[in-house]
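Okay, so here's the structure we're looking at.
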Amino acid sequence: MGTTDFAVCCLDALVKAGHEIAAVCTKTDRPKNRGMKMVFSPVKEYALAASIPVLQPESLKDGETQEALRTFGADLFVVVAYGKLLPRAVLDMPRLGCINVHASLLPKYRGAAPIQWAVLNGEKETGVSVMYLAEEMDAGDVISADRLEIRAGEPFGSVYERLKPLGSELLLRTIPDIESGKARAVPQDSSFVTFAPPIRKEDTLLDFSLSPERLCGYICGFDPKPGARAKLGDAEYKLFSPAVGAGNTDQAPGTIVSAGKDGLELACGGGTVLIHEIQAPGGKRMPVGDYLRGHSLP
């Protein structure tokens, strides 16, 4: 059960390892882009190419969907970036249970956007966890976990790509322990629980009263998508590739301190932040120096 390319990585690993995939369950097709053309999820595209049966229920709570799942006789349900909660009737269905590959070190960052919030908050490490599913979101007992260092200045997109194979490798190592009965699941410590809610558009508008370090985290956390937004004059730009500025300034937060081939320096709380890439409204992402050769900033 999955939707995104993160889930495809796990599905592909299961197929190549020789596991029999009884069926795939993914979100329904959605209209997308200007033409509002119906688009398949990455998991559906993979499943169709591999001739794997595909289910796309609006809900897992109705009896017809549950009966369809039951007819496959699956030993194990594997859930990865699916986006739907499983009701008790579904959790109790497979012989070996239901497991989830979650892109955080649980109990930290339960929720829809764990990788982004780890980067946004300036975490030094993240990871993946395999857990038994519970009715509460991401609250099940953890079977296994692997850690991953977040490099200084590393954007969300890079962390995401490095976590994909880590998740699939951990899944393949964990399934034999579940099958043999050797898996040891550990309850999550509720005192360490944090949450990673879906990213909203308002989250991406930068607050320049924050410290340079916090601003860098936010800019990296929205790179490549949806992009950190900043009002410069009357226009809204997207900013990428940040670094902590070299000095202090008494200018108001959000003020342009300097702009040239080395980047765009903006005042913020307690210092400055240096931006190396920018995207103007309706334009493409490019180095600040290249942008300034044909444009000016307010």
Checking residue 71 against (1) without any contact (Cβ under 8 Å) to a residue 12 or more places away in the chain; (2) in contact with a helix residue (DSSP H, G or I) (Cβ under 6 Å, 6 or more places away or on another chain), only one condition comes out false. Which one? (2)
Just checking, does the stretch 81-101 include any residue being assigned to a strand (DSSP E or B), crowded, with 16+ Cβ neighbours inside 10 Å and not hydrophobic (A, V, I, L, M, F, W, C)? yes
Does the stretch 10-35 hold any residues that are assigned to a helix (DSSP H, G or I) and in contact with a Gly (Cβ under 7 Å, 6 or more places away or on another chain), and which are they? 10, 11
Answer from 120, 48, 106, 55 - the residue that is crowded, with 18+ Cβ neighbours inside 10 Å, more than 20 Å from residue 141 (Cα to Cα) and either of a type in the set (A, V, I, L, M, F, W, C) or within 23 Å of the chain's Cα centre (by Cα) (or both): 120
Taking the conditions exactly as written (outside the structural domain of residue 74 (by TED's automatic domain parsing) and surrounded by 13 or more Cβ atoms within 10 Å (Cβ to Cβ)), does residue 275 satisfy them or not? yes
Filtering the stretch 271-297 down to residues that are among the acidic types (Asp, Glu) and part of a strand (DSSP E or B) yields 277
Could you tell me whether the stretch 127-142 includes any residue that is surrounded by fewer than 23 Cβ atoms within 10 Å (Cβ to Cβ), over 27 Å from residue 58 (Cβ atoms) and more than 12 Å from the chain's Cα centre (by Cα)? yes
Of all residues in the stretch 20-51, count the ones that are among the β-branched types (Val, Ile, Thr) and touching a helix residue (DSSP H, G or I) at 6+ places or on another chain (Cβ under 8 Å). 4
Does any residue of the stretch 283-291 turn out to be among the aliphatic types (A, V, I, L, M), out of contact with any Asp or Glu (no Cβ under 8 Å at 6 or more places or on another chain) and at pLDDT 95 or above? no
Would you mind finding the one in 145, 118 that is touching a Ser or Thr at 6+ places or on another chain (Cβ under 6 Å), at pLDDT 95 or above and either assigned to a loop (DSSP other than H, G, I, E, B) or within 30 Å of residue 95 (Cα to Cα) (or both)? 145
Give the stretch 121-142 a look and list any residue that's hydrophobic (A, V, I, L, M, F, W, C) and not in a loop (DSSP other than H, G, I, E, B), or say none. 128, 130, 131, 142
Only one residue in 280, 196 is buried (at least 16 other Cβ atoms within 10 Å of the Cβ), at pLDDT 95 or above, more than 22 Å from the chain's Cα centre (by Cα) and within 30 Å of residue 112 (Cα to Cα), so which one is that? 280
Can you spot a residue in the stretch 282-294 that is under 17 Å from residue 206 (Cα atoms) and of a type outside the set (S, T, N, Q)? no
List, please: which pairs have Cβ atoms under 8 Å, are six or more places apart or on different chains, and start with a residue in the stretch 135-164 that is without any contact (Cβ under 8 Å) to a residue 40 or more places away in the chain and end with one that is among the acidic types (Asp, Glu)? 144/177; 146/169; 148/125; 149/125; 150/123; 150/125
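The values are calculated or read from the model by the stated rules, or taken from the named source; none is laboratory data. Remember, it's a predicted structure, so these values are computed and weren't measured experimentally. Cβ: placed from backbone, ideal geometry, glycine included. Neighbour counts: every protein chain shown.
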